[in-house]
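Input: a single structure, listed below in structure tokens.
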Amino acid sequence: MNKRKLGDIEVSPIGMGCMGLSHGYGDIPDEKYSIKAIQKAYEFGCTFYDTAEAYGPNLLAENMGHNEKIVGEALKEYRQDAVIATKLHLPEEEAKSNGVYETLLSHLKKSMERLQTDYVDLYYLHRVNQKIPLEEVAEGMGKLIEEGLIRGWGLSQVPVRIIENAHEITPLSAVQNIYSMVERGVEAEVIPYCLENNIGLVPFSPIASGFLSGKVKANTDFSHSDDVRKFVPQLKKENIEANRPIIDLLEEYAEKKNSTNAQISLAWMLHKYPNVVPIPGSKNQERILENLGAWNVELSKSEFSALEDALNKIEVHGYRGFNETEGGSMEDWGKKK
Ligand SMILES: NC(=O)c1ccc[n+]([C@@H]2O[C@H](COP(=O)([O-])OP(=O)(O)OC[C@H]3O[C@@H](n4cnc5c(N)ncnc54)[C@H](OP(=O)(O)O)[C@@H]3O)[C@@H](O)[C@H]2O)c1
């Protein structure tokens, strides 16, 4: 397995998205099971873990930090070898009355406490807040880097214009945008800019919230109050069926390569770009290892070209996109801006 770089931060080529252990995909597992899942991923060779202060059941304020606590407990023995990424939301009131840097610092301190650490490797602004100057956020993040409290910083769900502005002030290590075989918007400008500027691209929902595994069916139940799949555009009942040709294509390659659909979808993006480090998420210990195992699935040049050509010919039904700001709602996913 060849390691990859997010800016100057070295990570395993696939990371573990930890969100589902606390939020977003229905009932959550028992904490002991979740801790073990993270430790098993580490033993398998995963050194990159993604969490956020917001990840807790139903994203309720009182559940804030639920996921960070699990990640911190699981990784405390391996802290030096694990790269931990977390994210904050910047509330307008707080930033205006206390100052942007002070707000960043106060959220970071709480995250560090829950993560049982005195530094965070990668600190993302979860969504740009249009009411707070991004320049001040970039400067504040720069100060946190100088102080040794974070190793690098990043932005999430941002277009290239915002990335450029921020990167000029304090170089970014990573951009975390949605990216998968059915959400390819970042290929046009964001990834080329990141490649040129030594910025890693960390795709979230790289398996399209499970769709690309082929295991989500039109009758799969998303009714749980904390299941984001009811908002995922490609997972509308009619789109699950209309997008079937993509699953057929993945199945063909999975059989050829003795792997799984999810693994092919991850191997495809690893082959395509050297600065891409996907963070698939699962609540299931076996699937977490299956997804990480995609780093062993090598597509030859001709296999990749044929897959890419076939994919380019298939129309995708449903699109969320990657231009989102603070205050947006899941109900807006996929709606034209
Ligand atoms: N920056 C942001 O705004 C943002 C937004 C969303 C997510 N994230 C981060 O990105 C990570 C990954 O995104 P995600 O969890 O939304 O999407 P994902 O990894 O594309 O998909 C997760 C879903 O796919 C299923 N799944 C995963 N691997 C599978 C496999 N091998 N076979 C069958 N089903 C499989 C999971 O089900 P099971 O659990 O049942 O296996 C779960 O329902 C999150 O954990 C989080 O850390 C960030």
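Values in this text are rule-based calculations from the coordinates and carry no lab data. Every value quoted in this text rests on a predicted model; they were computed, and no experiment measured them. Here the Cβ positions follow ideal geometry from the backbone for every residue, glycine too, while neighbour counts run over all protein chains shown.
Observations, loosely collected:
- Given charges at Cβ of Lys, Arg, Asp, Glu: the chain dipole, positive-most of 305, 1, 218: 218
- Distance (nanometres) between label positions extended 7 Å along Cα→Cβ at residue 89 and residue 113: 2.0
- Residues in region 199-206 carry Karplus couplings, in order, of 10, x, 10, 10, x, 9, 6, x Hz; the curve used is 6.51 cos²θ - 1.76 cosθ + 1.60 with θ = phi - 60°, and Gly or Pro positions show x.
- C-alpha long axis of helix 31-44 to longest principal axis of the chain, angle in °: 70
- In this structure, residue 329 and residue 215 have a Cβ-Cβ separation that, at R0 = 22 Å, corresponds to a calculated FRET efficiency of about 0.20.
- Karplus-based coupling profile of region 126-139, in residue order and whole Hz: 5, 9, 5, 9, 5, 8, 10, x, 5, 4, 5, 5, 4, 5, with θ = phi - 60° in 6.51 cos²θ - 1.76 cosθ + 1.60 and x standing for Gly or Pro.
- Backbone amide hydrogens, once placed in the peptide plane, bring residue 83 within less than 5 Å of 48, 49, excluding anything fewer than 5 places away on its chain.
- Look at 106, 259 and count the other Cβ atoms within 10 Å of each Cβ; fewest to most, that gives 106, 259.
- Cα centre as origin, Lys/Arg/Asp/Glu Cβ charges: region 97-158 dipole, Debye: 280
- Spread of Cα-to-Cα distances over 10 Å intervals beginning at zero, given as percent, for region 1-92: 17, 48, 29, 6, 0
- Residues whose amide H comes within less than 5 Å of that of residue 127, counting only those at least five positions distant or on another chain, are 90 (H built at 1.01 Å from N in the peptide plane).
- Cα-based values for region 121-209, radius of gyration first and Dmax second, are 12.9, 40 Å.
- Taking 0.36 nm per residue of separation and subtracting the current Cα-Cα distance, fully stretching the chain between residue 308 and residue 196 would add 38.1 nm.
- Over the chain, Cα pairs under 8 Å with separation of 6+ residues give a relative contact order of 21 percent.
- Sorted largest first, the principal axis extents computed over the alpha-carbon atoms of region 1-158 equal 43, 35, 27 Å.
- The HN-Hα couplings worked out from phi for region 98-113 by the Karplus form 6.51 cos²θ - 1.76 cosθ + 1.60 (θ = phi - 60°) are 9, x, 5, 4, 4, 5, 4, 4, 5, 5, 4, 4, 5, 4, 4, 4 Hz, whole numbers, x standing for Gly and Pro.
- Using R0 = 30 Å, the C-beta based FRET efficiency linking residue 36 and residue 257 works out to 0.55.
- Kirkwood hydrodynamic radius of the chain, Cα pairs, Å: 20.0
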